[in-house]
Every structure is written in structure tokens, then in C-alpha cells.
Amino acid sequence: MDLEELAPPATPAPTFDLDDPKLYLNRELSWLEFNQRVLEEAHDPRNRLLERVKFLAITGSNLDEFYAKRIGWMRRVQQTDPNTWTVDGLTIAEQLALVNARCFAMQREMERCWEQELAPALAERGIRIVPFQALDQPARAQITAYFERAIFPVLTPLVVDPAHPFPFISSGSLSLALNVRHPVSGQDRFARIKVPQNRPRFVDAGENRFVLLEEVIAAHVHMLFPGMDITDRQVLRVIRSAEIGSPGEESDDLLELIESELRRRRMAGAVTCAIAGDLPEARLELLLEELELGEQDVYHTECLLGMADLMQIAAIPLPDIADGPFTPAVPSVFAAGNDAHALFTAIRERDVLVHHPYESFDQTVARFIDEAADDPSVLAIKMTMYRTSPDSPILASLIDAAGRGKQVAVLVELTARFDEANNIEWARRLENAGVHVAYGNPNLKIHSKIALIVREEAMGVTMYAHIGTGNYNSRTARIYTDLGLFTSDAGICADLVHVFNLLTGYADRLDSTHLLVAPTNLRSELERRVRREIANAREGRFARVAFKINALEDRDFTRLLYEASQEGVQVDLVVRGICRLRPGIPGLSETVRVVSVIGRFLEHSRIYYFENRGEPEYFIGSADIMKRNLDGRIEVLAPVRSPELQAQLRDLLELLLNDERQGWRLHDSTWARSPAATTPGTHLELLARAPFS
């Protein structure tokens with residue numbers, strides 16, 4: 001008998017229907033898993049104590065934003081189109097139920113982290129959150145004096161009765177809910193006091209003791225209702241939807257439209273309510289009726305509400321239990337003493353790549369614009385502005401440049417969520433200074449981070465560009481990791497001219513040769529390069545793609561990466577948040593590696609790498625692999641061609657992919673990391689390496 005006849009039959013390779021919804025992870029639950037990884041940093045004893053408090057505050061802030069943005073959006077979809085199905089095969093109602101349950105579970109875990117881990121550890125270090133009545137008499141007197149001087153005049157008691165309707169409760173604010181009883185008639189009234197958001201949440205009682213602001217108000221509530229009895233009280237917190245509809249509706253003035261939409265947002269529907277304390281059934285029914293919420297939307301607790309406010313505690317200056325400050329490095333090109341001529345000469349000679357926050361944003365990007373504003377040889381400055389800080393030095397430089405007679409054009413994105421009011425204010429200031437301000441196509445957010453300087457030089461007019469992965473924001477540049485490319489490459493600069501002309505002018509298409517621009521050719525060019533790697537793998541060549549992105553949300557691109565893995569392409573992904581792909585499944589995604597790095601800084605840069613038969617291509621820019629980025633926004637990816645700069649990007653990708661300290665790895669649908677890793681981690685390693693150029 002032939003030995004082959006005795007061998008067991010070969011196991012057929014598994015086959016997968018790449019259109020099966022089960023192959024795609026749920027977007028909302030995937031984002032909540034990202035927030036869980038942030039919360040794990042609060043649990044992790046390897047982090048310094050105040051850093052753990054900071055991560056708990058960030059988790060709370062993230063969850064608030066998720067409620068406002070995503071649950072608000074889901075509620076609106078459920079009302080307008082309840083038959084909507086998600087990419088992963090859930091109805092919108094099923095998704096809402098799963099997401100609500102996950103959010104409530106996360107809130108319970110945050111409470112345990114605070115009450116059982118962080119608050120006791122802080123107390124051991126002498127930092128205590130104490131009840132007002134637990135203070136000694138001198139401390140109580142000090143707090144009372146502070147209340148009378150700085151809090152009492154700000155408060156407005158509101159009572160619900162036939163002459164006073166139920167008060168509007170603004171999103172994110174804390175409220176004291178009180179039952180106020182007349183001592184003679186015995187008549188009860190429901191009252192609400194808004195806890196002022198412009199006062200410190202944790203009131204300093206001295207000796208690193210703090211009292212919650214709502215407790216200070218409650219301890220002195222008799223001053224607001226003299227002669228009345230307060231029979232019970234609770235603390236409420238409401239989150240309202242940030243969904244204010246599409247900015248693309250008809251309007252003669254986009255700026256006026258966005259301002260009206262902001263007013264609508266303030267009055268937007270509630271999506272959840274948290275209650276600390278036992279609210280009587282009748283008042284709970286009143287609250288739910290007024291907020292148009294169901295019992296399933298209410299979170300009941302006895303713990304601290306609004307944990308984002310713990311950032312105040314995290315900022316206590318105790319260096320032995322917090323990460324030490326760091327001073328960003330300044331690349332030699334931008335060293336002090338180099339004037340505008342030297343700076344532009346250096347960029348003309350070679351491309352420069354900067355990496356924030358390890359390298360200073362203010363001394364590189366902001367200085368680039370400032371030098372251009374001051375340089376008499378500069379003819380024009382063009383920029384996009386998505387988010388910026390209220391005290392932005394860049395915008396001050398642009399105003400100065402306009403005052404010096406330069407042509408200055410700024411594309412302001414008015415619909416950058418939660419930054420609309422700030423952007424409206426800056427748009428008006430820029431216009432008043434003589435800057436050409438445009439708002440682009442109201443149906444396409446301007447998300448790209450691009451700047452172009454036009455300069456008259458001895459050899460003729462020369463252009464200089466900056467293409468970044470992050471916003472022109474000095475504040476976030478200190479805590480977000482981002483990359484920026486300075487170049488005078490004629491092809492890149494010429495493409496940017498076309499991009500700006502598209503944004504300020506009127507055209508139905510954009511021709512770009514060197515840049516990948518959404519929504520024109522970004523999707524098709526990225527897909528073409530992935531398919532090229534697939535073709536190389538089929539020929540037996542080594543094929544690889546490596547992306548560093550914030551999100552892999554687009555279903556069609558995820559499907560393409562599955563195809564690439566099935567053909568043997570090595571797919572390496574550094575994904576901060578949402579990831580629909582399920583790596584490590586034999587026959588489907590066994591060549592896929594997905595890593596998420598969570599640590600001191602928020603990973604925000606985007607890098608795209610293609611092996612290309614040993615002649616690698618690298619791109620950086622503003623776009624993630626999300627449908628909105630690929631098809632519904634103005635995005636720009638720029639090629640990085642310098643071998644030296646490519647080596648920097650390659651080293652960064654490998655460092656992130658192999659991080660055992662801060663790196664989490666996704667297998668199928670489960671994230672895990674090595675809890676015992678003693679390596680320094682990506683952020684500490686990069687702090688030690690800066691500057692890079």
C-alpha cells in the first residue's frame with residue numbers, strides 16, 4: 001500500500017466570505033475598547049500616581065465626548081431611519097443597547113478605580129478628598145469665607161412651580177437637585193442649583209485636603225433658601241447630543257449658519273443622565289419626562305460624577321508622583337540665530353521632518369510662519385486651519401503678515417466639532433485684519449494640515465511647504481504626537497497651489513501628481529498601492545504595507561487588507577483607536593499585526609508605508625482609513641522621499657510595532673499586552689532620542 005494512502009486527508013484551507021458582517025468589528029465598541037486601554041493606564045501601578053489620576057480623567061473626558069458625538073448620532077439615526085444596519089450586521093437599536101451597556105460597565109470600573117485604587121493611594125501621600133463636615137473648625141471657616149466671597153454670588157437657585165418651568169440643564173454641567181419644604185405649610189418644591197463650571201471643582205481646604213464644590217454648596221444651601229427645610233438632595237449630570245445636523249444645508253452665509261447651529265446644539269436633546277444619590281420616584285419621572293429620556297438612559301451611582309475634573313488633582317505639583325516636565329528639542333535647522341534667509345535656504349537644500357512633541361512646535365512650525373510673516377521677500381502665505389488654540393501665535397503671525405502687505409489666505413474649517421466658536425472668532429479677527437478667509441465647500445470638511453509660502457528669490461519665485469499630520473495648535477502639539485514635513489519640492493508645492501485654488505475657488509476636480517488628495521485620488525491611490533503589493537506577493541516577492549493611523553473604519557479598505565493577507569502580504573498596523581479588522585485568523589488575516597500604543601502622549605501621526613519591491617514609498621498626512629476621510633473631507637498625504645527621512649519613519653514604525661511596555665496587540669477581537677514588560681516604551685525612548693534632525 002502506498003504511504004500516501006495511509007496519510008490522513010489534508011485539512012482544506014478555510015474559506016471566507018469577505019462580505020460576511022461577522023468579519024468586521026463594530027466601530028463604536030472598538031472605540032470603547034480604545035477608551036478601556038486608556039483606563040488600564042489608570043490601573044497600571046507602573047505609572048506614577050498622578051499620571052494614573054490623569055488617565056482616569058482622560059477616560060472620563062473621552063466617555064463624555066463619546067456620549068455627545070456617537071450616542072447622539074445613533075439616537076438621531078434611530079429616530080430618522082430605525083431600519084439602519086451597521087457594517088457588522090447589527091440593527092441600530094441592537095448597537096445602542098450594546099453600547100449603553102458597555103458605557104455603564106466602564107463607568108462602574110472607573111468608579112472602582114477611583115474609590116478602591118487611586119483615592120486610597122492619594123490619601124497615603126497626604127492628598128485627600130474629604131467631606132465638608134469632616135474638616136476642623138478653622139478649615140470650615142476658611143471654606144465658608146471662600147463660599148461667601150467667590151461662590152455664593154455666582155449661584156442662581158431655580159425652583160419648579162406653576163410660575164417657574166423646569167430649568168434647562170446644560171450639557172456636562174453638574175446640578176444639585178433639592179427638595180425644598182416650607183416649614184409651616186409643609187409644601188414641597190423641586191429646586192435646582194447649577195454648580196458653576198468656572199470655579200475649581202475641588203475646593204482647597206489646605207494641607208492637600210480638598211472638598212467637592214457641590215458639597216461646599218450643599219453645606220451652605222440654607223443661604224440660598226433662607227427659612228426653608230432641605231429634606232433631600234442629589235447630584236445630577238446630563239450629557240446632550242453634539243449632533244447639530246449637516247452644515248451643508250442651504251445658506252447664503254456659512255458663518256451665520258454655523259453660529260445658529262451652535263445655538264441649536266446648546267438646546268440639543270439629552271442622551272444620558274447620571275444621578276448620585278437616591279432620587280425619589282416622582283422627581284425621577286419628572287426629570288425623565290423633561291429630558292425625554294428612558295430609565296435605561298440613566299446611570300445611578302453614589303460616586304463622584306464628572307471624573308474629567310480629576311485633571312485638577314492630577315496637576316498638583318508633586319514631582320515625585322508625576323512625570324517630570326520635558327523641554328522639546330529644537331532641530332538644528334531651526335536653531336536660534338538662523339534668520340528667515342538661513343531657514344528657507346536650509347529647507348531649499350533638503351527636506352526637514354519634525355516630530356512633535358519631542359521637537360518643539362513653536363520653534364519649528366510656528367516659527368516657519370512667523371519668519372515668513374516678517375520676511376520682506378515673502379509674497380504670500382496660504383494655510384488651512386482646522387483646530388487652533390485661542391492664543392495661537394500662528395494666527396497672530398498671519399495678521400501681522402497681512403498688515404505688512406503680503407497676500408494671506410486662510411481656509412478656516414468652521415465645522416471642526418467643539419471648536420466652531422473658537423474658529424468663528426478667529427475667522428472674524430483674520431477678516432478684520434485684511435486676511436482672505438474662505439470656508440471651503442460646506443459639504444467637505446477641510447481636515448488637511450497644509451501651509452504654503454511663496455517667496456521672491458534671486459533665482460525667481462520659490463515656494464516652501466509644510467504638510468503635517470496634526471492641527472496648527474500650540475497647545476495640543478505638546479501632548480499629541482505628530483509629524484510635519486518642510487519641503488521646497490517643486491512638484492509638491494505645485495500640487496499645493498492647485499489644492500488651495502480648489503479650496504478658495506470653484507472647480508469640480510483636482511489634478512495632483514505628487515500629493516494624494518481626498519476626495520479626488522486618495523482612496524484610489526492607496527488601494528492601487530495595496531494591490532501592487534498583492535501582485536508582488538503572488539510573484540513570490542516580499543510584500544509589505546505598514547500604516548500608522550488613528551482609525552481603520554472603512555469597510556472596503558478593511559476588506560482589501562484581508563485580501564492582501566490572504567495573498568501573503570505582511571500587513572502591519574499601528575492603530576490608536578477604531579479597528580474593524582480581526583487579525584491573526586488562519587486563512588484570513590494570519591499575516592496581519594495590529595498594535596495600539598497608549599502612553600504619556602496621544603498618538604496622532606499618520607504614516608503610510610509600501611514595500612514596493614525594495615524601493616519603499618512613505619507618505620504622511622492628515623487622513624485615517626475612515627470613509628469620511630477618504631470620501632468626505634479634504635485630506636492631503638505627502639510623499640517623504642529623502643532616504644534619511646524614510647529611515648526615521650521606518651525606525652519609528654518598528655519602535656511602535658515592537659513596544660512591549662505601552663503597546664497593546666489585537667488578536668481576533670481581543671486586546672492584550674505584556675503586563676510585566678520592563679522596557680522603557682515608545683514615548684520614553686523617543687524623548688531620549690530627540691532631536692531627530
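Structure notes:
- Identity of the residue in the range 493-513, touching a helix residue (DSSP H, G or I) at 6+ places or on another chain (Cβ under 9 Å) and crowded, with 17+ Cβ neighbours inside 10 Å, that ends up modelled with the lowest pLDDT: 510
- Test result for residue 142, under 33 Å from the mean Cα position of the chain (by Cα) and in a helix (DSSP H, G or I): no
- When the residues of the range 676-693 are filtered to those that are in contact (Cβ under 8 Å) with a residue 40 or more places away in the chain and not hydrophobic (A, V, I, L, M, F, W, C), the one that is farthest from residue 42 (Cα to Cα) is 693.
- Residue, surrounded by the fewest Cβ atoms within 10 Å (Cβ to Cβ), within the range 450-460, restricted to residues that are at pLDDT 95 or above and not acidic (Asp, Glu): 454
- Qualifying residue in the range 559-580 (condition: surrounded by 20 or more Cβ atoms within 10 Å (Cβ to Cβ), of a type in the set (Gly, Ala, Ser), part of a helix (DSSP H, G or I) and out of contact with any Phe, Trp or Tyr (no Cβ under 8 Å at 6 or more places or on another chain)): yes
- The set of residues in the range 289-336 that are of a type in the set (Val, Ile, Thr) and either in a helix (DSSP H, G or I) or in contact with an Asp or Glu (Cβ under 8 Å, 6 or more places away or on another chain) (or both) comprises 301, 313, 321, 330, 333.
- Per-region count, the range 269-287, residues within 31 Å of the chain's Cα centre (by Cα) and surrounded by 18 or more Cβ atoms within 10 Å (Cβ to Cβ): 7
- Whichever residue in the range 173-216 is modelled with pLDDT under 95 and of a type in the set (Asp, Glu) and, among such residues, is farthest from residue 136 (Cα to Cα): 188
- Taking the range 359-444 as the region of interest, the helices (runs of 4 or more DSSP H) fully inside it that hold 1 or more residues being at pLDDT below 75 and surrounded by fewer than 18 Cβ atoms within 10 Å (Cβ to Cβ) are 420-432.
- So residue 128, is it over 17 Å from residue 273 (Cα atoms), among the charged types (D, E, K, R) and free of Cβ contacts under 8 Å to residues at least 12 places away in the same chain: no
- Output for the range 145-164, where each listed residue is in a loop (DSSP other than H, G, I, E, B) and touching a helix residue (DSSP H, G or I) at 6+ places or on another chain (Cβ under 9 Å): 155
- The range 588-610, subset among the hydroxyl-bearing types (Ser, Thr, Tyr) and not in a strand (DSSP E or B), residue farthest from residue 561 (Cα to Cα): 605
- Residue match in the range 80-88 (condition: exposed (fewer than 13 other Cβ atoms within 10 Å of the Cβ), of a type in the set (S, T, N, Q) and under 30 Å from residue 556 (Cα atoms)): yes
- Test: residue in the range 614-633 that is assigned to a strand (DSSP E or B), out of contact with any helix residue (DSSP H, G or I) (no Cβ under 9 Å at 6 or more places or on another chain) and buried (at least 18 other Cβ atoms within 10 Å of the Cβ): yes
- Residue 87 in a helix (DSSP H, G or I) and touching a residue at least 40 places away in the same chain (Cβ under 8 Å): no
- Residues satisfying the stated conditions in the range 100-122, i.e. under 18 Å from residue 50 (Cβ atoms) and either loosely packed, with under 14 Cβ neighbours inside 10 Å or in contact (Cβ under 8 Å) with a residue 40 or more places away in the chain (or both): 110, 113, 114, 115, 116, 117, 118, 120, 121, 122
- If you go through the range 521-546 and keep only what is among the polar types (S, T, N, Q) and surrounded by 19 or more Cβ atoms within 10 Å (Cβ to Cβ), you end up with just 536.
The values are calculated or read from the model by the stated rules, or taken from the named source; none is laboratory data. Worth saying up front: this structure is predicted, and the values here are computed from it rather than measured. Every residue, glycine as well, gets a Cβ built from its backbone with ideal geometry; the counts of neighbours run over all protein chains shown.
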